[in-house]
Amino acid sequence: MKVNLEDLNAFVAVARAKGFREGARVNGSSASALSEAVRRLETQLGVRLLNRTTRSVVPTEAGQGLLARLSPALSEMEAALDVVNGFRDKPAGTLRLNVPISAARLVLGRIVPPFLAAYPDIQMEIITEESFVDVIAAGCDAGIRYDERLEQDMIAVPIGPRVQRFATAASPAYLDRHGRPQHPRELLGHACLRGRFSSGSMPPWEFERNGEMVRVEPTGPLIVQVGGGIDLAVEAGIAGSGIVYLFEDWLRPHLDSGALEPLLQPWWMGFSGPFLYYPGRRLVPAPLRAFIDFIKGPAVDH
């Protein structure tokens, strides 16, 4: 039985993404094209591979069995094609990275432009997401996160500044009206602008000075989703709505301009910079290998 390889790829993309739209985004196609390809494959095989509802797409038992056998085979095929890519003067292809918005904004901005200039045949796709994901299931080659404690088969490579800090700030007008806290616990009496992850968790604000750790759970008039809503919290802080707690580098332009005034600076807590992580169990694609070598090289400001 001859089966179209593109139809198999379409099925894998949809099954992994658990949806036609997300599968199309990962696969670089359209949802209608993937739907037609899967329908064609099911007709040819004579068995339903996906259960479709208005809310989800889930592989059937037959689909699960096919996906389990296809995934390693397609990975091997990609690896074989990538071996040929290694004989080119410069690597070519697509490099997909799954990163938090903070990394896209504060880290990649200094790395991506010179990398693209050095490797004009590589196209990068940056997918921003705050939760820790299976980069392979998400159709990505690698991810960036701020915690080096990864799954056993993952390899972590430092990327960007190795030490960053959380900063606390508010507008001078707000502080003139409500006073300037001298200790982190005094934040409990102030209007604070909080962030919540998509998982529902709301991280505490953490501070450290001379070995003393302080964690507070302040309240305030605004809660935004970590990632996409952070700029709104910053703008609200500048407008005088309350105190904001964020990466120092994110707030730095507003601190330098005077729109925001730093607070509790001796208590600002440092933390480890981000890591690029990728699976160690398979051949590294040429575009990713080029990126890894680039971030390790002298051209990148560490």
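The values are calculated or read from the model by the stated rules, or taken from the named source; none is laboratory data. Just so it is clear, the model here is predicted, and its values are computed rather than measured. When we count neighbours, we look across all protein chains shown, and the Cβ atoms used for this are built from the backbone with ideal geometry, even at glycine. Ligands, DNA and RNA are stripped out before the accessible areas are found, and what is left, the full protein with its side chains, is counted by its heavy atoms. Shrake-Rupley method; radii C 1.70, N 1.55, O 1.52, S 1.80 Å.
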Task: Members of the stretch 196-216 that are in contact (Cβ under 8 Å) with a residue 40 or more places away in the chain and of a type in the set (Asp, Glu) - done: GLU206, GLU208
Task: Pairs, first over 17 Å from VAL234 (Cα atoms) and at pLDDT below 95 in the stretch 252-275, second open to solvent by 40 Å² or more (accessible area, probe 1.4 Å) and aromatic (Phe, Trp, Tyr), C-beta under 8 Å, six or more apart - done: MET269/PHE166; PHE271/TYR146; PHE271/PHE166; SER272/TYR146; GLY273/TYR146; PRO274/TYR146; PHE275/TYR146
TODO: Specify the residue that is surrounded by the fewest Cβ atoms within 10 Å (Cβ to Cβ); the eligible residues are those in the stretch 196-219 that are among the small types (Gly, Ala, Ser) and either within 24 Å of ILE127 (Cα to Cα) or at pLDDT 95 or above (or both).
DONE: GLY200
TODO: Give the number of residues within the stretch 175-195 that are open to solvent by 90 Å² or more (accessible area, probe 1.4 Å), more than 16 Å from TRP267 (Cβ to Cβ) and not acidic (Asp, Glu).
DONE: 2
Task: Residues that are open to solvent by 20 Å² or more (accessible area, probe 1.4 Å) and touching a residue at least 24 places away in the same chain (Cβ under 8 Å), drawn from the stretch 231-244 - done: ILE238, ALA239, SER241
Open item on the list: Can you find, within the stretch 102-126, the residue that is modelled with the lowest pLDDT among those that are within 18 Å of ILE292 (Cβ to Cβ) and open to solvent by less than 20 Å² (accessible area, probe 1.4 Å)?
Closed with: ALA103
Task: Conditions (1) touching a helix residue (DSSP H, G or I) at 6+ places or on another chain (Cβ under 6 Å); (2) within 19 Å of GLY270 (Cα to Cα); number of the one not met by ARG162 - done: (1)
